[in-house]
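Student: My questions all concern the structure below.
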Amino acid sequence: MDPVKHAILYRMVMPEHTCPFGLKSLDLLKRNGYEVEDHHLTSRAETDAFKNQYAVASTPQTFIAGQRIGGHDELAAFLGEPVKDKDAVTYQPVVALFGMALAVALAVSWAAFDSVLKIQTAEWFVAIAMCLLALQKLKDVESFSTMFLNY
């Protein structure tokens, strides 16, 4: 067996929780032709003992050729896969939100007036966009309430 194409993966697989990054790591290894020795950490105590033994903060952890590669992001980088920069600013969700608000406003205008060329369409777009932005704020109520109190 080629040691370079053999990987050992430690990941959380508990009755109430299966680590999604462990599943992603397993898939990434298999897609890159690795034979994976998959070790399940089946309890919180077992997971904590593993973290203490290897002085790591999280699971999953991958070992290839006796070398600890790290978690999912480190594994992806090791295998030459693109790794997203967690600090990079992206406007994709905002663009999608406004695009969806525009589509809904156009559909409502078409249903109401059989035309999209009405001032009301622009007003509905703004109203729908504000509602969708408000829903985004509700994803983190604690942060929103703190910000609101500072006004």
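Student: What list do you get for W124, W110 if you sort them by fewest beta carbons within 10 Å? Please report the intermediate quantities before stating the final value.
Tutor: On the way: W124 20, W110 13.
Listed from fewest to most nearby Cβ atoms, that is W110, W124.
Student: Roughly how many debye, to the nearest 20, is the charge dipole of the chain about its Cα centre, given +1 on each Lys and Arg Cβ, -1 on each Asp and Glu Cβ, and no other charges? Let's see the in-between values first.
Tutor: Details: 13 positive and 17 negative charges, 30 e Å.
With only Lys, Arg, Asp and Glu charged at Cβ, the dipole is about 140 debye.
Student: Here's a follow-up. Using the alpha-carbon atoms, what tilt in degrees (0 to 90, nearest 10) does helix 44-54 show relative to the longest principal axis of the chain?
Tutor: That helix lies at roughly 60 degrees to the long axis.
Student: Express the relative contact order of the range 1-141 as a whole percentage, based on alpha carbon pairs under 8 Å and six or more residues apart in sequence. Don't jump to the answer; show the numbers that get you there.
Tutor: Numbers: 151 pairs, mean separation 27.6, N = 141.
With pairs under 8 Å counted, the relative contact order is 20 percent.
Student: Return the percentage of antiparallel bridges among DSSP beta bridges fully within the range 3-78, rounded to the nearest 5 %.
Tutor: Values: 9 of 16 bridges.
Expressed as a percentage, antiparallel bridges in the range 3-78 total about 55.
Student: How do M130, M12 rank when sorted from fewest to most other Cβ atoms within 10 Å of their own Cβ? Before the final figure, lay out the partial values.
Tutor: Values: M130 11, M12 21.
Lowest to highest Cβ neighbour count: M130, M12.
Student: So what are the three principal axis dimensions of the chain from its Cα atoms, in whole Å, longest to shortest?
Tutor: Over the chain, Cα extents along the principal axes are 69, 39, 30 Å.
Student: Could you work out which residue, out of L23, L79, L135, moves most in a Gaussian network model of the chain, that is, has the largest mean-square fluctuation with Cα springs under 10 Å?
Tutor: Taking springs between Cα atoms under 10 Å, the residue moving most is L135.
Student: Sorted from largest to smallest, which semi-axis lengths in Å does the alpha carbon gyration tensor of the range 1-65 give for its equivalent ellipsoid, taking the root of 5 times each eigenvalue?
Tutor: On the way: eigenvalues 89, 37, 15 Å².
One finds semi-axes of 21, 14, 9 Å for the range 1-65.
Student: Once phi is turned into θ = phi - 60°, what whole-Hz ³J(HN,Hα) does the Karplus curve with 6.51, -1.76 and 1.60 give for every residue of the range 12-25, x standing for Gly and Pro?
Tutor: For the range 12-25, the Karplus-derived couplings read 7, 9, 10, x, 9, 7, 10, 5, x, 6, x, 5, 5, 5 Hz, x marking Gly and Pro.
Student: What 222 nm value per residue comes from the helices of the chain, counting each DSSP H run with n ≥ 4 as -39,500 (n - 2.57) and dividing by all residues, nearest 500 deg cm²/dmol?
Tutor: Values: 6 runs with 80 residues, N = 151.
Result for the chain: -17000 deg cm²/dmol, rounded to the nearest 500.
Student: Here is a further query. Roughly what percent of Cα-Cα pairs across the range 92-140 reach past 14 Å? The partial results should precede the final answer.
Tutor: Values: 577 of 1176 pairs.
Percentage above 14 Å: 49.
None of the figures in this text is laboratory data; all of them are computed from the coordinates on show. Fair warning: this is a prediction, and the values are worked out from it, not measured in the lab. Cβ coordinates were reconstructed from backbone atoms using ideal geometry, including for glycine residues, and neighbour counts include every protein chain displayed.
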